[in-house]
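Derivation of every value follows stated rules applied to the coordinates shown; laboratory data play no part. Worth saying up front: this structure is predicted, and the values here are computed from it rather than measured. Counting neighbours? That spans all protein chains shown, and the Cβs are built from the backbone with ideal geometry, glycine included.
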Amino acid sequence: MLHRWLDRHAARTPDRVALRHGAEAITYAGLAAQAAALAGGLGARGIGRGDRVAFLGLNHPAQLVLLAACARLGAILVPLNWRLAAPELRFMLEDSGARLLFALPEHLALAEAALPPACALLAPAAPPTGPAPPALGEAGDALLLIYTSGTTGRPKGAVLDQRALLANALNGRRLHALGPADRVLTVLPMFHVGGLNIQTVPALLAGATVLLHPRFEPDAFFDTLAAERPTLTLLVPAVMQALVAHPRWKTADLSCLRAIGAGSSDVPLPLIEAFQARGVPVQQVYGATETSPIALYQSVAEAMAHPGSIGRPAALCDCRVVDAAGRPLPPGEAGEIEVRGPNVMRGYWKAPEATAAALRQGWFRTGDVGIRDAAGRFWFTDRLKHLIISGGENIYPAEVERVLREAPGVAEGAVCGRPDLRWGEVPVALVVPGEGFDPDAVLRFFEGRLARFKHPRAVIAVPSLPRTALGKVQVEALRAMAAGAHS
């Protein structure tokens, strides 16, 4: 498991740098020692197998130390999205039953506003420490509880056990051909499985060095390329677009990168071509929070030869395309992508009905539509769920609509995604006006109720919402209306 891998690297290569974070360099011996001491401190506070401990903050070594400490104890880490509003975070803390919340200084006020009475607040700068306890965590112990928005508008916690993280890390090592000589640049947030599990944790299990940025900043990215010469990094389309549009793009030396991973949403071909024209293969990675997330990926050769494909099944999982009844479809026919393997979640936290709906005879139903071609490559075509992906962040219309319904002057309303050059998509609200309707007041109503990235970018007044004969809102017609109002 993760803590055992760190202990082995600490014994074999104690002086190799595991993490660089600003001016701080942590060796494998240092990382293992910090994790063991934190596990001792947590154990002294009564944290043991199955207990939940949350983390709120930008990317920081403290989160990875906490992950390893939880793995040692058999406890569960709950990474929290610092972009969320306090009521959203409070729901996750209460739902998970987190006993402790570690919050970095820049998010301390947010943490205090979100903190339930039963949860204690701690500072990672002064963590509890104690003698290293026995390594109790085993393969079957849950290790990560990561909340992902649901179509009901309430987030669900996907439970990933230590076995899932190990299988995913082995898939990641195969995907990136990771080895001890690699330097992996992490700029995506580690409260997502993408930023945490596609490259970062696999790199640590491979004995490589992780160059950890608090968050994505284009100039810091280019500075690190020049100074640290990373060999790999993981990006989302919004980040790729920001780099390609930056004044330093044309002169930056990208030769240190043997590839970049890309995912979280459909990656536009012009962005793939922009990187590959500079000699950097763009390996698409497909998956979900519930699959840890690596399920499908491209090899470097296929990334160059077949841009746009989402690849082939990872080494330790199976993928297939099925019809509505779950029957496998032949190549060339579109259907839902399903995933099976040790990397798949054990279920949703305290949500047996949602778990039963998502897992069918051992297969995770992704809700995404794809095609498998005759050569065995998969291609993403559409989403069954009406998910909006804006700058790599998942936004579910139902969650936004719950707030919209309470806004003043809204008789009826619905939310959909509208194409956006910078973010890929942005949420917009279509509203049937009621008494006192004011579009600006509706937008202001979202302040403090939802994370800012979920706020509608526009409120469009319409005479009625397009509905089916059964009364359901027709999402495609809604999107067409939103696009037409923008043109």
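Whose amide H sits under 5 Å from the amide H of ALA314, counting only residues 5 or more places off or on another chain, with H placed in the peptide plane?
Counting only residues 5 or more places away or on other chains, the set is LEU296, TYR297.
Which value in deg cm²/dmol, rounded to the nearest 500, describes the helix-derived mean residue ellipticity at 222 nm for the chain, given -39,500 (n - 2.57) per DSSP H run of n ≥ 4 and division by the residue count?
Computed ellipticity for the chain at 222 nm equals -9000 deg cm²/dmol.
Quick check: the angle from helix 86-96's long axis to the longest principal axis of the chain, C-alpha only, nearest 10 degrees?
Roughly 60 degrees, rounded to the nearest 10.
Whole-Hz Karplus ³J(HN,Hα) for the range 320-337, in order, using 6.51 cos²θ - 1.76 cosθ + 1.60 and θ = phi - 60°, x for Gly and Pro?
Result, rounded to whole Hz: 8, 10, 10, 8, 4, 8, x, 8, x, 9, x, x, x, 9, 7, x, 7, 7.
Could you give the dipole magnitude of the range 388-486 about its Cα centre, charging the beta-carbon of Lys and Arg +1 and that of Asp and Glu -1, in debye to the nearest 20?
For this selection, approximately 180 debye.
Could you work out how far the C-alpha centroid of the range 427-467 sits from that of the range 168-209, in angstrom?
The two parts, judged by their Cα centres, are 40 Å apart.
Of TYR348, HIS246, GLY50, which is farthest towards the positive pole of the chain's charge dipole, taken about the Cα centre with +1 and -1 on the beta-carbons of Lys, Arg and Asp, Glu respectively?
GLY50
Toward the positive end of the charge dipole of the chain, about the Cα centre and with charges on Cβ (Lys, Arg +1; Asp, Glu -1), which of GLN63, ALA206, PRO87 goes farthest?
After comparing all options, I get ALA206.
On a straight-distance basis, which aspartates and glutamates could pair with LYS250 in a cross-link, Cα separation under 18 angstrom, same-chain partners fewer than 8 positions away excluded?
GLU217, ASP219, ASP223, GLU273
Once the Cα atoms of helix 162-176 and of the chain are each reduced to a long axis, what angle between those two axes, in degrees from 0 to 90 to the nearest 10, is obtained?
For helix 162-176, the angle is close to 90 degrees.
Compute, for the range 86-174, the length of the dipole vector about the Cα centre, with Cβ point charges of +1 (Lys, Arg) and -1 (Asp, Glu) only. Units Debye, rounded to 20.
300 debye
Please report TRP349, TRP379 as a ranked list, fewest other C-beta atoms within 10 angstrom at the top and most at the bottom.
In increasing order of surrounding Cβ atoms, one gets TRP379, TRP349.
If you plug each phi of the range 66-75 into the Karplus form 6.51 cos²θ - 1.76 cosθ + 1.60 with θ = phi - 60°, what whole-Hz ³J(HN,Hα) values come out, in order, with x for Gly and Pro?
Rounded to whole hertz, the list is 5, 4, 5, 5, 4, 4, 5, 8, x, 8.
Which net charge results for the neighbourhood of GLY22, defined as the other residues with beta-carbon distances under 15 angstrom from its beta-carbon, given Lys and Arg at +1 and Asp and Glu at -1?
-4
Looking only at the range 145-288, where both bridge partners belong to it, what percent of the DSSP beta bridges are antiparallel (to the nearest 5)?
Roughly 25 percent of the DSSP beta bridges within the range 145-288 come out antiparallel.
Hey, can you grab everything whose amide H is under 5 Å from the amide H of THR27? Only 5+ residues off in sequence or another chain; H modelled, so Pro and N-termini drop out.
Amide H to amide H, under 5 Å and 5 or more residues apart or across chains, THR27 pairs with ALA18.
Quick one: helix 475-486 against the long Cα principal axis of the chain, what's the angle to the nearest 10°, folded into 0 to 90?
Relative to the chain, helix 475-486 is tipped by roughly 80 degrees.
Restricting to the chain, compute how many DSSP beta bridges are antiparallel as a %, nearest 5.
Here the share of antiparallel DSSP bridges comes out near 60 percent.
When the Cα centres of the range 256-289 and the range 30-100 are compared, how far apart do they sit, in Å?
31 Å
Given +1 on the Cβ of Lys and Arg, -1 on the Cβ of Asp and Glu, and no further charges, what dipole in debye does the chain carry about its Cα centre, rounded to the nearest 20?
Result for the chain is approximately 840 debye, rounded to the nearest 20.
Using a/c under 1.5 as the rounded threshold, could you call the range 388-486 rounded, prolate or oblate? The axes a ≥ b ≥ c are square roots of the C-alpha gyration tensor eigenvalues, and prolate needs a/b larger than b/c, oblate otherwise.
oblate
What ranking do MET304, MET92 get, fewest neighbouring Cβ atoms within 10 angstrom at the top?
Lowest to highest Cβ neighbour count: MET304, MET92.
Using Cβ counts within 10 Å as a stand-in for footprinting exposure, how do ARG183, ARG327, ARG418 rank, fewest first?
Going from least to most buried by this count: ARG327, ARG183, ARG418.
For ASP15 paired with ASP253, estimate the spin-label separation in nm (one decimal), with each label point 7 Å from Cα along the Cα-to-Cβ line.
The two pseudo-label positions are separated by 2.7 nm.
Across the range 420-426, in residue order, what do the Karplus-derived ³J(HN,Hα) couplings come to in whole Hz, using 6.51 cos²θ - 1.76 cosθ + 1.60 with θ = phi - 60° and x for Gly and Pro?
9, 4, 7, 9, x, 8, 9
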